[in-house]
Amino acid sequence: MSQPTFSHPLDDPASDPFAIAATAAAEIAERTGVEKHDIALTLGSGWAKAADLIGETTATITAQDITGFGAPALAGHVGTLRSVLLPSGKRALVIGARTHYYEGHGVRRVVHSVRTAAATGATTMILTNGAGGIRETWKPGTPVLISDHINLTADSPLEGATFVDLTDLYSARLRDLARSVQSDLDEGVYCQFRGPHYETPAEVQMAKTIGGHIVGMSTALEAIAARQAGMEILGMSLITNLAAGIQKTPLSHEEVIQAGKDAESTISSLLARIVASL
Ligand code: 8IG
């Protein structure tokens with residue numbers, strides 16, 4: 001009998017996602033000429049400029065050319081992986097290719113970049129995103145540290161009876177370090193919704209009631225996989241809009257993108273200063 005074929009290696013339930021991440025990491029080492037990376041950064045909406053500010057890019061790879069990485073889902077979402085030499089001499093892997101849960105390809109593909117980053121040797125994972133804010137005092141353009149999360153996707157990157165502790169998932173040490181760069185940085189609890197629709201006002205009220213301050217569609221699942229891989233995690237959200245019902249006007253994707261563009265220089269230089277202090 002012939003075996004079923006899968007168009008993507010991670011889609012085969014019999015495949016080993018960690019072996020695929022190890023293959024991807026070996027390809028990255030070969031293509032970048034960098035044996036081991038120390039830090040990885042996933043740059044979400046609004047954060048892309050940080051890649052140019054943290055150090056000298058020594059190699060840029062099209063993510064799609066690496067095992068397990070798919071094509072970007074959205075025009076404007078850069079599908080590149082960059083190896084950056086930091087002033088400290090450390091090597092950073094900058095991931096500009098994020099697969100979102102709402103793309104519907106399953107959670108293995110969502111966390112492949114994080115697992116690959118861990119396999120390249122990175123022990124620090126910086127996860128950034130654009131998100132909605134529940135606190136009225138957060139104007140669009142405000143960067144916020146993620147202090148904890150509530151995963152509302154009803155899914156997990158962990159398979160089988162894999163029990164991983166998520167206490168201090170978003171490193172208190174790294175949050176303190178970020179505040180040593182900018183002392184007035186706020187922090188909040190990130191609620192990951194499945195998306196791709198934005199929340200209803202009632203869902204935002206639910207998120208607020210259960211202890212959430214930030215609403216987004218990306219980071220919680222990635223953070224869980226990063227913790228499973230033993231990485232220390234810094235999470236940061238750029239508040240590009242107030243969440244539905246908190247802001248009185250309807251949410252527009254264009255406005256969200258524009259708010260990200262307007263804040264990009266400021267928050268990217270903030271992130272670069274944080275990375276320099278690592
Ligand atoms: I940018 O208001 C951005 N991403 N879930 N809700 C959710 N994700 C977002 C939002 C938002 N804004």
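The values are calculated or read from the model by the stated rules, or taken from the named source; none is laboratory data. Just so we're clear, the structure is a prediction, and the values are computed from it rather than from any experiment. Every residue, glycine as well, gets a Cβ built from its backbone with ideal geometry; the counts of neighbours run over all protein chains shown.
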Count - residues of the stretch 268-278 that are among the aliphatic types (A, V, I, L, M) and either within 13 Å of the ligand (Cβ to nearest atom) or outside any helix (DSSP H, G or I) (or both): 1
The stretch 178-202, subset among the hydrophobic types (A, V, I, L, M, F, W, C) and touching a strand residue (DSSP E or B) at 6+ places or on another chain (Cβ under 8 Å), residue surrounded by the most Cβ atoms within 10 Å (Cβ to Cβ): 191
Qualifying residue in the stretch 158-176 (condition: within 14 Å of the ligand (Cβ to nearest atom), closer than 30 Å to residue 13 by Cβ and touching a Lys or Arg at 6+ places or on another chain (Cβ under 9 Å)): no
Unique match (being at pLDDT 95 or above, buried (at least 24 other Cβ atoms within 10 Å of the Cβ) and closer than 17 Å to residue 220 by Cβ) among 131, 122: 131
Failed condition for residue 255, given (1) at pLDDT 95 or above; (2) in a helix (DSSP H, G or I): (1)
Restricting the stretch 203-212 to residues that are away from the ligand (no atom under 12 Å from the Cβ) and closer than 14 Å to residue 244 by Cα, the residue that is surrounded by the fewest Cβ atoms within 10 Å (Cβ to Cβ): 206
Residue in the stretch 87-96 that is within 16 Å of the ligand (Cβ to nearest atom), closer than 18 Å to residue 122 by Cβ, of a type in the set (Lys, Arg) and surrounded by 16 or more Cβ atoms within 10 Å (Cβ to Cβ) present: no
Selected residue [modelled with pLDDT of 95 or more and more than 11 Å from the ligand (Cβ to nearest atom)] from 216, 235: 235
